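Novice: Encoded as structure tokens, here's the structure I'll be asking about.
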There are 2 protein chains.
Amino acid sequence: MPGQKASEETRREQILAAAHAVASRNGIDALTVRAVAARAKLSHGLVLFHFRRKDELVTALLDRVLATTFMLTISEDVLRLPNALDRFVAVIRQEMDRLSQEPRRMRLFFEYWALGSRHSRVRTKVSTALEQYRAAFRTFAEEVLQTHPARFTGVTAEGLAAIAVSLINGCAVQAMIDPERFDIAEYRAAAHGVMGHHETRAVRRGPRVAAATLA
Amino acid sequence: MPGQKASEETRREQILAAAHAVASRNGIDALTVRAVAARAKLSHGLVLFHFRRKDELVTALLDRVLATTFMLTISEDVLRLPNALDRFVAVIRQEMDRLSQEPRRMRLFFEYWALGSRHSRVRTKVSTALEQYRAAFRTFAEEVLQTHPARFTGVTAEGLAAIAVSLINGCAVQAMIDPERFDIAEYRAAAHGVMGHHETRAVRRGPRVAAATLA
DNA sequence: GCCGGTATTGACCAAGCGGTTAATACATGA
DNA sequence: TCATGTATTAACCGCTTGGTCAATACCGGC
């Protein structure tokens, strides 16, 4: 009765991909061992052979989700912007676009997030991932604070980074729950106005145009 | 075998309270008919007698959660602040404090939120509740934009309100997942610095002191 | 070519789920 | 006081779940 065999790593990867598909489509509590097995066209016993407990599967999937969701990649175009505040706002805008275009991945992440308040291992994983993500923004935030000390009085780099992440998450969450009614361009413009309002005129026009074309 | 009887409304209230307790403590997927019945010290058949389907119970609980979570009440102290931007920031700060002090209620709300991306009735309920909440902020935002037209160029009242809600949710969510490591005072100060940085000096000190004592 | 280790399968289990229903005890009005 | 209606209970049903396990077919090494 057994079917074709495969290497340990191949099978785990296949099963994880199936788990990702199931959880992404139907939510984290539809992530049953049987559903994953069916999606991967394997017996459900085999899933539990490679991931001894369902918990292991859930945790492994979390790693995959975090790695693909909160990896901040900065384009060279952004780094080339002369003004620190422009760079900061550009990165925020990039992430708002990216995450709001992946509502299902974002929803899955938020389901893990809520799960984390009860499941300690999930909590620490989510926490550290977010902390790394925030740390990436802190780098930009520090430059902003050095360049515009008067603009953000009493604001720390950590606090500013936290604000940035909140704006990004808030945008993604809004886009997640009702994608059509949420006006992402308006939101992005408001974020820009709140965060990136400064004196230099020449550099300000660049991002404005970019926002218009993207929206 | 039957026990004491009670009026329709009394029982529904009792059951809903039990449901709230269960879901608040153990999460929304621990909200089983049997768990609610056990919590209320009733038979699980009785729960399904008053709420014909589990779905009805879940939806009724959602109404309760939304009513108690996103009801914006404005103190007269806030309304007495002369500067529109100060009022705006004060309301944001108040809500950050309130929601971050209720991590379990907030987690329950987010679980419903995530659930809403699959369950249409949940989605519309959550959506409209959030829309009302945002509308309350829009009132303040309009005053801000009238008072400080130069400060927020290109920003609409709706967009500014959305930013405010994002900051509040971001704060509450951070506080939800790891309450001790998250520095709410720093976050609040940053939000204040980003949003409420303006010229008038006398009115600015008030909120600063209030923040320090509350933190 | 065959042989041993193991990846794979399907049958099985107990537990828990939402939902139904007949029996029953409680309240209430006559 | 008694009859009637119904809120309440417990037993039950079918189903799904996570997890176990013996049987088995595949594959690499000899």
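A short reminder: the numbers here are calculations on the coordinates, not readings from a lab. All values reported here derive from a predicted model rather than from experimental measurement. So basically every Cβ, Gly included, is an ideal-geometry build from the backbone, and we count neighbours across all protein chains shown.
Novice: Does segment A:26-42 include one or more residues that are more than 13 Å from DNA strand C (Cβ to nearest atom) and away from every other protein chain (no Cβ under 14 Å)? So that I can check it myself, show each step before the final result.
Specialist: Start the filter on segment A:26-42 by keeping residues that are more than 13 Å from DNA strand C (Cβ to nearest atom), which leaves A:26-28, A:30-31, A:35.
Restricting the remaining residues to those that are away from every other protein chain (no Cβ under 14 Å) gives A:35.
Within segment A:26-42 (the criterion being more than 13 Å from DNA strand C (Cβ to nearest atom) and away from every other protein chain (no Cβ under 14 Å)), the answer is yes, since at least one residue qualifies.
Novice: Then there is this: Out of all the residues in segment B:1-25, which are more than 11 Å from DNA strand C (Cβ to nearest atom), within 14 Å of chain A (Cβ to nearest Cβ) and among the β-branched types (Val, Ile, Thr)?
Specialist: none
Novice: Further question on the same structure: Just to be sure, is A:Phe88 over 25 Å from A:Glu131 (Cβ atoms) and aromatic (Phe, Trp, Tyr)?
Specialist: Values: over 25 Å from A:Glu131 (Cβ atoms): no; aromatic (Phe, Trp, Tyr): yes.
So A:Phe88 fails the test.
Novice: Filter segment A:54-64 for residues that are within 14 Å of another protein chain (Cβ to nearest Cβ) and of a type in the set (A, V, I, L, M, F, W, C); which is nearest to DNA strand C (Cβ to nearest atom)?
Specialist: The residue in question is A:Val58.
Novice: In segment A:109-129, which residues are of a type in the set (A, V, I, L, M) and within 9 Å of chain B (Cβ to nearest Cβ)?
Specialist: Initially, segment A:109-129 is screened for residues of a type in the set (A, V, I, L, M), giving A:114-115, A:122, A:126, A:129.
Selection gives A:Ala114, A:Leu115, A:Val126.
Novice: Looking at the structure I just gave you, is A:Arg138 outside any helix (DSSP H, G or I) and of a type in the set (Lys, Arg)? Step through it out loud before you land on a result.
Specialist: Numbers: outside any helix (DSSP H, G or I): no; of a type in the set (Lys, Arg): yes.
Judged against the criteria, A:Arg138 is not a match.
Novice: Quick one: is A:Glu76 under 12 Å from the mean Cα position of the chain (by Cα), more than 12 Å from chain B (Cβ to nearest Cβ) and not β-branched (Val, Ile, Thr)?
Specialist: Details: under 12 Å from the mean Cα position of the chain (by Cα): no; more than 12 Å from chain B (Cβ to nearest Cβ): yes; not β-branched (Val, Ile, Thr): yes.
When the stated conditions are applied, A:Glu76 does not pass them.
Novice: Filter segment B:159-180 down to residues that are touching an Asp or Glu at 6+ places or on another chain (Cβ under 6 Å) and facing chain A (nearest Cβ under 7 Å), then give me how many there are.
Specialist: Taking segment B:159-180 and keeping what is touching an Asp or Glu at 6+ places or on another chain (Cβ under 6 Å), we get B:159, B:168.
Filter once more, so that each one left must be facing chain A (nearest Cβ under 7 Å): B:159.
Residues in segment B:159-180 being touching an Asp or Glu at 6+ places or on another chain (Cβ under 6 Å) and facing chain A (nearest Cβ under 7 Å): 1 in total.
Novice: Additional query: Looking only at segment A:130-158, filter to residues that are within 11 Å of another protein chain (Cβ to nearest Cβ) and aliphatic (A, V, I, L, M); which one of those is surrounded by the most Cβ atoms within 10 Å (Cβ to Cβ)?
Specialist: Per the stated criteria, the residue is A:Val144.
Novice: Select, from B:Arg123, B:Arg52, the only residue that is within 15 Å of DNA strand D (Cβ to nearest atom) and of a type outside the set (Ser, Thr, Tyr).
Specialist: Working: B:Arg123 fails: within 15 Å of DNA strand D (Cβ to nearest atom).
Of B:Arg123, B:Arg52, the one residue that is within 15 Å of DNA strand D (Cβ to nearest atom) and of a type outside the set (Ser, Thr, Tyr) is B:Arg52.
Novice: Then there's this: Being surrounded by fewer than 17 Cβ atoms within 10 Å (Cβ to Cβ), within 12 Å of DNA strand D (Cβ to nearest atom) and either assigned to a helix (DSSP H, G or I) or in contact (Cβ under 8 Å) with a residue 60 or more places away in the chain (or both) is the filter here, so list the residues in segment A:11-45 that pass it.
Specialist: A:Asn26, A:Asp29, A:Ala30, A:Arg34, A:Ala38, A:His44, A:Gly45
Novice: Looking at A:Phe51, A:Phe70, A:Phe88, which one is within 16 Å of DNA strand C (Cβ to nearest atom), among the aromatic types (Phe, Trp, Tyr) and surrounded by 15 or more Cβ atoms within 10 Å (Cβ to Cβ)? Give the derivation first.
Specialist: Numbers: A:Phe70 fails: within 16 Å of DNA strand C (Cβ to nearest atom); A:Phe88 fails: within 16 Å of DNA strand C (Cβ to nearest atom).
Criteria check complete, one pass: A:Phe51.
Novice: Using the structure shown, decide if B:Ala90 is in contact (Cβ under 8 Å) with a residue 40 or more places away in the chain and part of a helix (DSSP H, G or I).
Specialist: Yes: the conditions hold for B:Ala90.
Novice: Here is a follow-up. Within segment A:100-120, does at least one residue satisfy the condition of being under 30 Å from B:Ile28 (Cα atoms) and of a type in the set (Asp, Glu)? Full working, then the answer.
Specialist: Keep residues of segment A:100-120 that are under 30 Å from B:Ile28 (Cα atoms), which gives A:100-120.
Restricting the remaining residues to those that are of a type in the set (Asp, Glu) gives A:102, A:111.
Looking for residues that are under 30 Å from B:Ile28 (Cα atoms) and of a type in the set (Asp, Glu), one finds at least one in segment A:100-120, hence yes.
Novice: Within segment A:106-129, which residues are surrounded by fewer than 17 Cβ atoms within 10 Å (Cβ to Cβ) and either of a type in the set (D, E, K, R) or assigned to a loop (DSSP other than H, G, I, E, B) (or both)?
Specialist: Within segment A:106-129, A:Arg118, A:Arg121 qualify.
Novice: Would you pick out the residues in segment A:147-162 that are in contact (Cβ under 8 Å) with a residue 12 or more places away in the chain and over 10 Å from B:Glu186 (Cα atoms)?
Specialist: A:Thr147, A:His148, A:Arg151, A:Ala161
Novice: Also, quick follow-up: Taking the condition in contact (Cβ under 8 Å) with a residue 24 or more places away in the chain and over 17 Å from B:Phe109 (Cα atoms), does B:Val58 pass? Reasoning before the result, please.
Specialist: Working: in contact (Cβ under 8 Å) with a residue 24 or more places away in the chain: yes; over 17 Å from B:Phe109 (Cα atoms): no.
Judged against the criteria, B:Val58 is not a match.
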